[in-house]
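Structure first, then comments.
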Amino acid sequence: MMAAVKVVRVRGRGVLRAEGDIDPVIIRRMHERGIQLLTGQSSAAAGLASLFRPSDRVGIKVNTIAGRRLSTPPEVSLPLSKLLTQTGLLEKNIVIWDRTNDELKEAGYKLQAGSGLRIFGTDAMGAGYTQEPLIHLNIGSLLSTIQADFVTASVSLAVLKDHGLAGITAGMKNYFGAIHNPNKYHDSNCNPYVAELFDLPEIKAKHRLTILDALVVQYHRGPSYNARWAERFESLIFSLDPVAADFIGWQIIERLRKAKGLPSLSEEKREPLYIRTASRLGLGRAAVNDIQLIEEDV
Amino acid sequence: MKRRCFIQATAGAGLAVKANLRAGLQNLYAFGQTANLSHVEARYYKKLPDREIECLLCPRKCKLGDKERGYCGVRQNDGGIYYTLVYGKACTMNVDPIEKKPFFHVLPQTQALSIATAGCNVNCKFCQNWEISQVRPEQVKHFDLPPQAVAEAALEYRCQTIAYTYTEPVVYFEYMVDTSIEAHKKGIRNVVVTGGHINPEPLEALIQVVDAIKVDLKAFNQDFYTDYVRGELQPVLDAIRLIARNKRWLEIVYLVIPTLNDDPGQARNMARWILKEVGPDIPLHFTQFHPQYLIKNLPPTPISTLEKLRQTALQEGLHYVYLGNVPGHEGENTYCPGCKKIVIQRSGYEIEKIELKGGACKFCQTRIPGIWS
């Protein structure tokens, strides 16, 4: 029998201050502890060094489609990039990126293209998409050259939230922001498209780590921010298994929905079946018994 | 950019389309620069609770949360209001022979000012203009070209028609309708090249302001629409019926793809349906496929296949059945159904001879339907 895969949920009590901003000390501790627990290493730097080589060019794919209130904020992604540099990775070989400069700016990022850490969208001068569509199963898309050409290793640093079409959006669906035509894959609750896109060699072979930003979880009426159904969850979720991370994210959203008296995603006919499809494609695990969930507060 | 510069920069339709992607998708914006999209409220949608909306423009009826885009990629819900992002944002404009659309029964030997914005509401795996149709508007270069400027450009370039073409004009519905109204004020006609995925209400509004519509009927079975178009056949058939019922000039194009939709039995069924529902006088064009986009593993359609389908449709009783993308073939000509003589002789987009007088055959006076003057 195969060993269970690890998913780590670290809760940072007080990470969201009363004004809604993020406590930099607590968020850093959450990253460090999550990576330690996930990799079994004595420090976060050692843990990350077990995942990335110093020569890697690492892409941190954030999700900034929903503006400042429900995107991966710089307060969460910048500490991760700092930790990565502690493994010997050069700052200039780390890029925090998403689809467009506009969306990054609206989420609070300051674009950077100099000799240090890079932050920009696929639509920035010098980036762009592959010249020809990559064709794989039901996918036919141009892929961001940031993912296709620049990075050798990638982190999906996604926001965990309800999604009106997909059921939920988390680590795998975050890569919809890496292609030019995500709107073409919203049929059938994005199934099998999310899974098949992740299965694209340019994504699957480079993906090393999923981190779900669950500081605030939009458990209903996502993917944009809606205060009525947003829960201060104060958590980050870590996994090396992209499917298991999303599966746990799905369970969290279902639990929150149930607690608030909302119907399940299945009852709303938008169960994120792409997670099961991903499991069938061999991309990871999507069953409670196959996953070791480690939860800790910092 | 002035109109003349624009049209020179984008001259030669196919090349312009490809150049747009090659240059456009790679290096669109200087660092920190942003896309210049329109924010004009869409005309066909329904507001739902919690800032959600349902688009009512096409049969897909996208139901979208705040900040989400429709399947077309060019309409977005912002705070519960649905906007078109491409109003007045043409990504290409060219002067083409009207035969290129193709319209064979509309003002032969005239030029059509042909425009498009980005976007499409289906995703044909064989799309010939995918580099502008299957992208979001911010992913291609586009230009501010309001409706009045399009109409003025048509006058300036002596075009008798404006053609809404290349991508799927349904997705830029508001822009197309307003431009058509401006064009009519200046005595210019409007022709539409569409896949026919549009709901009846907006289609009826469109029919009021345009003069001719060419519908791409991609196949005559739902399986093909599911697998290769990602759309529905029935709404397209409904649209064809509605256009014909409203007496708007209609032509139908059927792109023949080897092994996928080249079955003569299907072609026969389609011809029978056309005959029954819209009559024998609607031109039907069988056009040759060339490997494109996501279907690159099939060869161009053999001419013998096209000829077989044409014969099938003629045998079923359709009067005007043409071949397309086969320059110089006899199937490009218009034959009088009365005396069988050639009344319009074509070679590619060139007209070699017109034997019509007052819209009728010069030899036997049989009326040839179309827009001739």
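What follows draws every value from the coordinates through simple rules; no lab data is involved. Bear in mind the structure is a predicted one, so any value in this text is a computation, not a measurement. Don't worry about glycine lacking a Cβ; one is built from the backbone with ideal geometry, like all the others, and counts go over all protein chains shown.
For the reader, a short list of remarks on this structure follows.
- Cα-based convex hull volume of region B:81-140 per residue, rounded to whole Å³: 121 Å³
- Comparing B:Gly196, B:Gly231, B:Gly79 in a Gaussian network model of chain B (Cα springs below 10 Å), the most mobile by mean-square fluctuation is B:Gly79.
- Highest-fluctuation residue, B:Ile295, B:Ile240, B:Ile198 considered, GNM on chain B with Cα pairs under 10 Å: B:Ile295
- Sorted on the mean count of surrounding Cβ atoms within 10 Å across their residues, most packed first, peptides B:116-123, B:310-317 read B:116-123, B:310-317.
- Positive dipole terminus of chain A, leading residue within A:Leu142, A:Tyr175, A:Pro223 (C-beta point charges): A:Pro223
- Taking every C-alpha pair closer than 8 Å and separated by at least 6 residues, the mean separation divided by the residue count of region B:169-254 gives a relative contact order of 30 percent.
- Sequence-distant lysines (8 or more away, or on other chains) whose Cα lies within less than 16 Å of A:Lys173: A:Lys61, A:Lys161, A:Lys184, A:Lys204, A:Lys206
- Each Lys or Arg adds one and each Asp or Glu subtracts one; over the other residues with Cβ under 14 Å from the Cβ of A:Phe233, this totals +1.
- For chain B, the spread of Cα positions along each principal axis, largest first, Å: 64, 45, 39
- Average Cα contact separation per residue, region A:35-116, under 8 Å, 6 or more apart, as relative contact order %: 33 percent
- Kirkwood Rh and Cα Rg combined as Rg over Rh, evaluated for region A:1-112: 0.99
- Most mobile of B:Gly265, B:Gly65, B:Gly331 in a GNM of chain B (Cα contacts under 10 Å): B:Gly265
- Ranked B:His197, A:His220, criterion: other C-beta atoms within 10 Å, fewest first: A:His220, B:His197
- Under 14 Å, Cβ to Cβ, from B:Pro102 - net charge with Lys/Arg +1 and Asp/Glu -1: -2
- Charged side chains reduced to their Cβ positions (Lys and Arg at +1, Asp and Glu at -1) give region A:7-297 a dipole of some 340 debye around its Cα centre.
- Sum of side-chain charges, B:Pro302 neighbourhood, beta-carbon under 11 Å (Lys, Arg +1; Asp, Glu -1): -1
- Eigen-decomposition of the gyration tensor built on the alpha-carbon atoms of region A:7-297 gives equivalent ellipsoid semi-axes of 25, 23, 19 angstrom, largest listed first.
- With 31 Å as the limit, the listed pairs B:Lys247/B:Lys362; A:Lys105/A:Lys269; B:Lys101/B:Lys341 have A:Lys105/A:Lys269 beyond it between alpha carbons.
- Percentage relative contact order, chain B, counting C-alpha pairs under 8 Å, at least six apart: 12 percent
- Percent of alpha-carbon pairs separated by more than 41 Å within the protein assembly as shown: 33 percent
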